[in-house]
Structure formats: structure tokens, C-alpha cells
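First comes the structure, then the notes that go with it.
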Amino acid sequence: QVQVVETGGGLVQAGASLRLSCAASGRTFNSLVVGWFRQAPGKEQEFVAGISRTGSWVHYADSVRGRVTISRDDGQNTVNLQMNTLKVEDTAVYYCAASARGSVTTTAQGYDYWGQGTQVTVSS
């Protein structure tokens, strides 16, 4: 069983930066595709970013492209989500998800292992 844990959430002001980290254990880390999703109050869960097993391919949602960078550190078994120029509308619970099958997908059904989520709140 793969365990996924997110860290790094918090309360920041608009324009600030925040880095979220996702740690995965229970399986060879470089066998996992990793994605980040978020869910704001009253809204559907949405894809934020994803990274392939080797880190050679990444994909971003239009809403965050240019402000967010996803990267992986296989030595630390982590995937990081660097978020810059945060906006109030980025406020959400952010979830890390992992999959041992296929490639990066923007749908939640493509991931088998999920963390508990970390809250990101951006104030104006």
C-alpha cells in the first residue's frame, strides 16, 4: 500500500509564494506518476499539475500555468509544488495523488493513492 502525505500548506497574502511537498512511501518512488489536485469550498475538485515517473513530462492546469512548478526529488521520495504569485482564488485544500499505472492524467480516477490534503489559504 502506498502512503501519501502532503505538507507545506498555510495562510499567506496574495502575491506570496508557497511550496507544497508530497511524500510517498510503500512503493519504489520512481514507479509513481504524481498529480496535485485542489478543492475549494463549494467547488468541484480540479487538477492542478502532474509529473511523469521520470520527471521528463509535466502538465499544468491553465489556471496555474506560469505561476506553479511541479518537480520531483527521487532521492527524497518527494514531489514539490512551488506556487508563486498566489491569488485569493487559489484558496483550497490541495491533495497529492499517485498512480503506478499509465501516465499523467488530469482526472482523479487516474490515481489510486491519495493524501489527506493540506489547506492553502490566500488572503487579499
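The values are calculated or read from the model by the stated rules, or taken from the named source; none is laboratory data. Please read these numbers as outputs of a predicted model, since none were measured by experiment. All Cβ positions, even for glycine, are placed from backbone atoms using ideal geometry, and neighbour counts span all protein chains on display. The accessibility values were calculated without ligands, DNA or RNA, using every heavy atom of the protein model including side chains. Shrake-Rupley method; radii C 1.70, N 1.55, O 1.52, S 1.80 Å.
Worth pointing out:
- Ligands, DNA and RNA left out, the 1.4 Å accessible surface of the chain is 46% carbon and sulfur atoms.
- Calculated FRET efficiency, Asn77 to Gln45, Cβ-Cβ distance, R0 = 25 Å: about 0.55 to the nearest 0.05.
- 1.4 Å probe accessible area per residue over the stretch 41-111, in Å²: 51 Å²
- Rel. contact order, % - alpha carbon contacts under 8 angstrom, at least six apart, the stretch 1-64: 23 percent
- Convex hull of Cα atoms in the stretch 31-102, direction-averaged projection (nm²): 5.1 nm²
- Size of charge dipole - the chain - debye, nearest 20, with Cβ of Lys, Arg +1 and Asp, Glu -1, no other charges: 140 debye
- Modelled this way, with points 7 Å down the Cα-to-C-beta line, the labels at Gln13 and Lys87 are 2.0 nm from one another.
- Positive end of the dipole of the chain (Cβ unit charges, origin at the Cα centre): among Ser71, Phe47, Ala23, the Cα lying farthest that way belongs to Ser71.
- Were the residues from Ser56 through Asp112 laid out at 0.36 nm apart, the gain over their Cα-Cα distance would be 18.0 nm.
- For the chain, DSSP calls about 90 percent of its internal beta bridges antiparallel.
- In order along the stretch 99-106, the phi-based Karplus estimate (6.51 cos²θ - 1.76 cosθ + 1.60, θ = phi - 60°) of 3J(HN,Hα) comes to 9, 9, 10, x, 10, 4, 10, 8 Hz; Gly and Pro are listed as x.
- Karplus (6.51, -1.76, 1.60) ³J(HN,Hα), θ = phi - 60°, over the stretch 82-90, in Hz, Gly and Pro reported as x: 8, 10, 10, 6, 5, 10, 4, 6, 7
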